[in-house]
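Some notes on the structure that comes next.
The values are calculated or read from the model by the stated rules, or taken from the named source; none is laboratory data. Since this is a predicted model, take the numbers as computed values, not measurements. No Cβ is skipped: glycine too gets one built from the backbone with ideal geometry, and neighbour counts run over all protein chains shown. We work out accessible area using only protein heavy atoms, side chains counted, and drop any ligands, DNA or RNA first. Shrake-Rupley method; radii C 1.70, N 1.55, O 1.52, S 1.80 Å.
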Amino acid sequence: MSGSERAESPAPRPAHTAISVRAGLALVLVVLGVSAVALLHLVEVPKVIYRPGPAYDTLGELNGHPVVMVDGAQTYPTSGSLDFTTITLSGGPRFPVSAWDWLAALVDPTTAVQDEEDVFPPDVSAEQIREQNVELMQNSQQGAAVVALRALGETVPEQVKVAQVIVDAPADGVLRVDDEVRSVDGQDIATPDDVRDVLQGFDPGDEVSFELVRDGEQRSIDVPTGEGDAPEGESEGPTIIGVYLASDFELPYEVTIDAGNVGGPSAGLMFSLALYDTLTPGELTGGQEIAGTGAITSEGTVLPIGGIQQKMIGADRAGADYFLAPADNCGEVVGHEPDGMTVASVQDFAQAREVVEALASGETDGLPTCEVS
């Protein structure tokens, strides 16, 4: 280069070119992000998500109709609320969970996630799930009515019937749906639990004598047994015959419980309290806002349910100050109680009624509560 020559600097890059590159990269990232989200929405995962659902007052109305109705008996005014709580469940054949929903649920503290195989049996159809939920709700309503009426001193006859025979189970082809079980091994049967208790006196593979009524005729049938799934930590399972048993009751008057489109058995406890309140003078709640959950047997035992934590959240959102929880759910309750909510653990209808009566009178000391084990 001569002295008179001057090195030329490269031309500066136009600003709009740099902006265009950044905009292009941003656009690519947006497209990739949208595509990833769309893909996550399309991919299904075998998970079940529990979310808090609405609460419904069993002393009030649902879809313009009273939840609890009685025809043929004296009823009385009520006050306050006895809410049955619900969950919104995603997963299974009816409502598959997308990968996006699953990831969102993992960071939502109000939800719970389980593996689908732990909630739904394999190869079950959406229609079977729907039918089962409807049947469980109907049984829950009937059981609640029986519990409340018996607490009032009414006589409610009970018949134990075969509700379903499991395919390829020991009793398949031997017992039939609607068979009325009168006795097992010579022991009178009053409840489905009686059948299960008698069977445990036999080894799997034994035959057991059943006295039953089929199509109006009394029959004696030997029913084969098998071994059920062993409980966790045990090597042997219970003796089973492979049927679902249900009770058929003859109520002294007509009781109608309308839960709308809600399915499952977990509202039984609150239905029984509402019916008892409706059929007795005075206001059981004393005007308190009380929610709760729990399946209930015809003997009044409160059984555990799923989604207890989400139901407590739903009750809190509905404004309930108190919550009745099945005692067997206490392990899932402790440490998850909503702020300001008093949670009482109950084992049966009688204890639940005593708790509600105590709350009505303002006696909150000494309530049965869930303790850390």
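Numbers at a glance
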read-out: Hits in region 54-63 (condition: touching a residue at least 12 places away in the same chain (Cβ under 8 Å) and either surrounded by fewer than 20 Cβ atoms within 10 Å (Cβ to Cβ) or not in a strand (DSSP E or B) (or both)); value: 54, 58, 59, 60, 62, 63
read-out: Filtered residues of region 100-115 (kept if surrounded by fewer than 17 Cβ atoms within 10 Å (Cβ to Cβ), in contact (Cβ under 8 Å) with a residue 12 or more places away in the chain and part of a helix (DSSP H, G or I)); value: 103
read-out: Matching residues, region 267-300, being charged (D, E, K, R) and within 14 Å of residue 55 (Cβ to Cβ); value: 289
read-out: Number of the condition not met by residue 295 [criteria: (1) open to solvent by 30 Å² or more (accessible area, probe 1.4 Å); (2) under 30 Å from residue 169 (Cα atoms)]; value: (1)
read-out: Region 64-91, subset assigned to a loop (DSSP other than H, G, I, E, B) and within 26 Å of residue 325 (Cα to Cα), residue most open to solvent (accessible area, probe 1.4 Å); value: 77
read-out: Qualifying residues in region 149-169 (those that are among the β-branched types (Val, Ile, Thr) and in contact with a helix residue (DSSP H, G or I) (Cβ under 9 Å, 6 or more places away or on another chain)) - the one surrounded by the fewest Cβ atoms within 10 Å (Cβ to Cβ); value: 155
read-out: Every pair of residues 6+ apart whose Cβ atoms lie under 6 Å, when the first sits in region 33-53 and is at pLDDT below 70 and of a type in the set (A, V, I, L, M) while the second is open to solvent by 60 Å² or more (accessible area, probe 1.4 Å) and part of a helix (DSSP H, G or I); value: 40/100
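Quick grid of which residues meet (1) at pLDDT below 90; (2) farther than 22 Å from residue 119 by Cα; (3) assigned to a strand (DSSP E or B):
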position	(1), (2), (3)
255	no, yes, yes
265	yes, no, no
277	no, yes, no
280	no, yes, no
302	no, no, yes
311	no, no, no
